[in-house]
Amino acid sequence: MGMTTLHHISGAYEDQIQLWIFHHAEIFLRLKVLRTINAHCYLSAGVIRQFIWSELHHQKYEIEQVEIDVIFYDPDADAQQVPHIQQALHSVFPSNEWDVVNQATVHHWYFKENGETIKAYTSLFDAVSAWPETATAIAVRLTENDLLEIITPFGLTDLFELKLRWNPRLVSYETFVQRVMQKQWLQRWPKLELIESCQ
């Protein structure tokens, strides 16, 4: 497959994700509210991944009761910024559990499996590129012009082609497989394909 073909596929997936998100009233509403609270915040990871998987399985995606990951990157943020964003979101959407993380500070509290600390992330792109699965490595926000800005370090192909692929940057293959099994993704979305990898 040539680079031109890959570019067209990637562009088609980007168009599709925008169409689906803009037509899902509850996700779009949360993006609009998030923008008013902090325009530099993104909805990320599971809430977007599982929405796309559900669409591809022709399942209705119910966002109520879902834990939603929100990320931003601000090395100069004070300690109150995260709880402020969390409380503001909870006041509007109390049915969701909001997990807000300033990715500029993750190296202060996150440890690798061997106990080592991680290097400070240099950007949101850098942070998202460390997440355990390629399909999970996604973040979206609504710009002031009502456009969807998407961070996808590995592109959208694995997400849309329902491939569960390990990202070795931060976790072991065993941890990746354990996550897949514990979260029962293959049972809930049976078209998913677990991509086996050399350990």
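The values are calculated or read from the model by the stated rules, or taken from the named source; none is laboratory data. Because the structure is predicted, anything quoted here is derived from the model rather than measured. Every residue, glycine among them, receives a Cβ derived from its backbone with ideal geometry; neighbour counts consider all protein chains shown. These accessible areas exclude ligands, DNA and RNA; they are computed on the full protein's heavy atoms, side chains included. Shrake-Rupley method; radii C 1.70, N 1.55, O 1.52, S 1.80 Å.
For the reader, a short list of remarks on this structure follows.
- Number of the condition not met by Arg165 [criteria: (1) surrounded by 12 or more Cβ atoms within 10 Å (Cβ to Cβ); (2) in contact with a His (Cβ under 8 Å, 6 or more places away or on another chain)]: (2)
- Positions within the range 149-184 being in a helix (DSSP H, G or I) and either more than 25 Å from Ile21 (Cα to Cα) or free of Cβ contacts under 8 Å to residues at least 60 places away in the same chain (or both), in sequence order: Asp158, Tyr173, Glu174, Thr175, Phe176, Val177, Gln178, Arg179, Val180, Met181, Gln182, Lys183
- For the range 141-194, the set of residues classified as in contact with a Ser or Thr (Cβ under 9 Å, 6 or more places away or on another chain) and aliphatic (A, V, I, L, M) consists of Ile151, Leu156, Leu159, Leu164, listed by residue number.
- Hits in the range 18-33 (condition: within 15 Å of the chain's Cα centre (by Cα) and open to solvent by less than 30 Å² (accessible area, probe 1.4 Å)): Ile21, Ile27, Arg30, Leu31
- Selection status of Val70, at pLDDT below 95 and either outside any loop (DSSP other than H, G, I, E, B) or among the hydrophobic types (A, V, I, L, M, F, W, C) (or both): no
- Filter result (touching a Lys or Arg at 6+ places or on another chain (Cβ under 7 Å), over 11 Å from Tyr42 (Cβ atoms) and not in a loop (DSSP other than H, G, I, E, B)) within the range 124-148: Glu133
- Reported count of residues in the range 52-81, each being open to solvent by 20 Å² or more (accessible area, probe 1.4 Å) and over 19 Å from Leu142 (Cα atoms), is 18.
- Members of the range 185-199 found to be at pLDDT 95 or above, assigned to a loop (DSSP other than H, G, I, E, B), over 19 Å from the mean Cα position of the chain (by Cα) and not charged (D, E, K, R), listed by number: Pro190
- Test: residue in the range 44-63 that is within 15 Å of Glu144 (Cβ to Cβ) and outside any helix (DSSP H, G or I): no
- Residue count for the range 165-199, restricted to those that are over 15 Å from Thr136 (Cα atoms) and in contact with an Asp or Glu (Cβ under 7 Å, 6 or more places away or on another chain): 1
- The single residue among Ala39, Ala88 that is open to solvent by less than 80 Å² (accessible area, probe 1.4 Å), in a helix (DSSP H, G or I) and in contact (Cβ under 8 Å) with a residue 40 or more places away in the chain turns out to be Ala88.
- For the range 172-199, a residue qualifies if it is under 16 Å from Ala45 (Cα atoms) and surrounded by 15 or more Cβ atoms within 10 Å (Cβ to Cβ), and the qualifying residues are Phe176, Arg179, Val180, Trp185.
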